[in-house]
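For reference, the structure is listed below as structure tokens.
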Amino acid sequence: MPRLFYGALITPDALTKYRALPHALLCVADDGEIAWREDDVPSGRLQDVLAKRGLVDDPSVEFVQLKLGEFLMPGFVDTHTHGPQVPNIGSGQQHELLDWLKEVTFPMEARFADLNFARTAYETAVRRIINCGTTTCCYYGTLHLDATKLLADIVHTHGQRAFVGKCNMNRDCPKDYIEPSTAESMTATRAVIQHIRSLPPSSPASKPPLVQPILTPRFAISCTNDLMIELGELVCSDLTLAIQTHISENAAEIARTKQLFNVNTLPPPPDGPDEVVIKRARGTYAGVYDAYGLLRYNTILAHGVHLEAAEMELIKARQAGVSHCPTSNFNLRSGCAKVGALLDKGIKVGLGTDVSGGFSPSILRAVQDASICSKVVAMSAPNAPPSGFADRQLSVPTLFYLATRGGAEVCGLGARIGQLTPGRAFDALVVSTRTDAGNPAVWGADLDVRVHVGASGGEPGHEGGRGKTETEELEGMLERFLFCGDDRNIRRVYVQGKLVGGKECEV
Ligand code: GUN
Ligand code: FE
């Protein structure tokens with residue numbers, strides 16, 4: 001049954017521009033694809049538009065009228081999080097990365113050997129993440145084969161779009177939480193990939209399937225040379241297999257990486273047209289991944305706080321993407337990533353919560369911290385160039401883009417999701433900034449002072465108020481939601497047209 005959504009709609013267009021439409025009409029087809037969108041349908045024209053489309057009095061069409069103070073937007077994309085660390089959220093902020101892994105993270109992840117524990121933890125985590133408005137999520141599991149299959153099953157059952165990976169880690173980890181050999185790491189990795197690829201399609205229309213496998217070398221430090229070689233061979237024979245890993249997060253981590261992967265002992269660089277760029281980046285962190293063939297168009301690199309200029313060039317040449325995880329980067333004292341510089345280079349950037357380095361599973365928190373991070377960078381560089389993104393604060397349109405479309409591009413889904421435009425999947429949120437959403441910080445778009453100036457109420461984005469246009473009112477709602485909103489404001493969460501979560505959803 002096709003569904004029509006009528007009301008306010010906000011969708012990103014470009015890094016510096018989004019579209020705020022107070023009276024949009026959007027049609028979602030049975031298969032969960034967006035069939036068409038009309039951008040300006042004031043209530044007086046609604047019947048005409050429906051008649052033109054042959055939809056008047058059609059009982060097979062479901063009509064969803066958004067209320068004043070509500071709007072539709074694309075779902076959030078979390079390009080980097082750790083499912084098994086959700087139970088640790090809020091613990092361990094006194095540490096920096098390497099101690100935090102040892103003291104806080106590895107002990108929790110080791111518990112996922114117990115499938116009962118894993119089931120309870122993952123059920124809770126996935127439900128919570130969906131209700132935060134994350135329609136696509138890139139999950140790290142643990143090193144365990146069965147628990148990671150279970151994570152994929154749970155994500156699949158909940159109807160979220162996701163990438164799920166089993167960690168490869170056979171070096172520099174505690175003896176009760178380490179893979180015993182390269183062979184076992186590879187066998188389990190292949191088994192998880194095969195398991196995920198054989199899940200029944202959740203939606204026939206969704207190509208690629210909603211849940212996809214992703215190769216997950218935890219980070220270079222945790223993988224031996226042999227393991228890195230085999231992982232490189234695996235991706236070389238499987239070009240659609242995405243890759244996720246950590247990069248240049250923390251000074252001690254970078255030093256250890258360079259110590260373990262000596263330039264002189266690295267495999268020769270793979271063939272390619274970018275020889276100069278590759279040579280310049282030899283000896284860098286990105287150069288290590290590249291030497292094993294793990295840096296490519298579908299690689300997601302989390303953090304990138306301390307990237308050198310040469311490795312930014314290499315990342316760009318390989319068309320890899322960066323997951324900016326500002327909450328985690330502040331919390332673990334890793335530093336402020338230079339996101340503006342990455343954007344100026346044309347590198348794909350999305351946002352990541354990096355739970356539990358980051359202490360919130362919500363991309364809203366990542367948006368807020370990405371803003372603060374960019375302001376810290378700007379304050380430390382008073383002579384920012386007059387144009388571009390580097391050394392300047394990120395604007396609301398840019399933050400909105402990173403949280404949605406930018407994330408979609410980082411996961412290779414730029415043509416499928418991230419924008420509410422025809423031909424893309426309906427992965428979307430109904431956001432409410434109304435008083436009855438119960439979040440006093442994003443207060444009363446339904447009441448507003450325009451009630452007092454006598455404007456007629458009831459319709460989304462109606463005229464009135466403090467002399468602002470309807471579009472400006474809507475822009476203000478988006479900004480307040482991004483900076484003060486939370487899951488109370490997320491009424492409905494759709495993936496591929498299916499209602500999968502949100503405050504109004506009983507699943
Ligand atoms: N580097 C290696 N493992 C991890 C992890 O679990 N979290 C973060 N933030 N960085 C890592
Ligand atoms: Fe991480």
- Query: For the chain, what is the percent of antiparallel DSSP beta bridges, rounded to the nearest 5?
  - Reply: 45
- Note on the structure: One finds the C-alpha centres of the range 339-358 and the range 125-154 to be spaced, in Å, by 21
- Message: If I model a spin label at residue 1 and residue 123 as a point 7 Å from the Cα along the Cα→Cβ vector, what separation in nanometres do I get?
- Response: 3.0
- Item | Relative contact order %, the range 399-449, counting alpha carbon pairs below 8 Å whose residues are six or more apart | 19
- Centroid-to-centroid separation of the range 490-507 and the range 288-338 [C-alpha atoms, Å]: 32
- Shape of the range 76-411 from its Cα gyration tensor (a ≥ b ≥ c, root eigenvalues): rounded if a/c is under 1.5, otherwise prolate when a/b > b/c, or oblate? rounded
- Query: Which order do 171, 19 take when ranked by solvent-accessible area (1.4 Å probe, heavy atoms of all protein chains), largest first?
  - Reply: 19, 171
- Task: Please give the helix 309-318 orientation as an angle from the longest Cα principal axis of the chain, in degrees from 0 to 90, rounded to the nearest 10.
- Result: 70
- Query: In degrees between 0 and 90, to the nearest 10, how far off the longest principal axis of the chain does helix 43-52 point, with axes built from Cα atoms?
  - Reply: 80
- Does anyone have the angle between helix 251-260 and the longest principal axis of the chain? Alpha-carbon axes, 0 to 90°, nearest 10? 40
- How high is the relative contact order of the chain, given as a whole-number percent (alpha carbon pairs under 8 Å, six or more residues apart)? 20
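The values are calculated or read from the model by the stated rules, or taken from the named source; none is laboratory data. This structure is a prediction, so every number in the text was calculated from the model and none was measured. Neighbour counts run over all protein chains shown; Cβ positions are idealised from the backbone, glycine included. Each accessible area value is taken on the protein alone, full model and side chains, heavy atoms only, with ligands, DNA and RNA left out. Shrake-Rupley method; radii C 1.70, N 1.55, O 1.52, S 1.80 Å.
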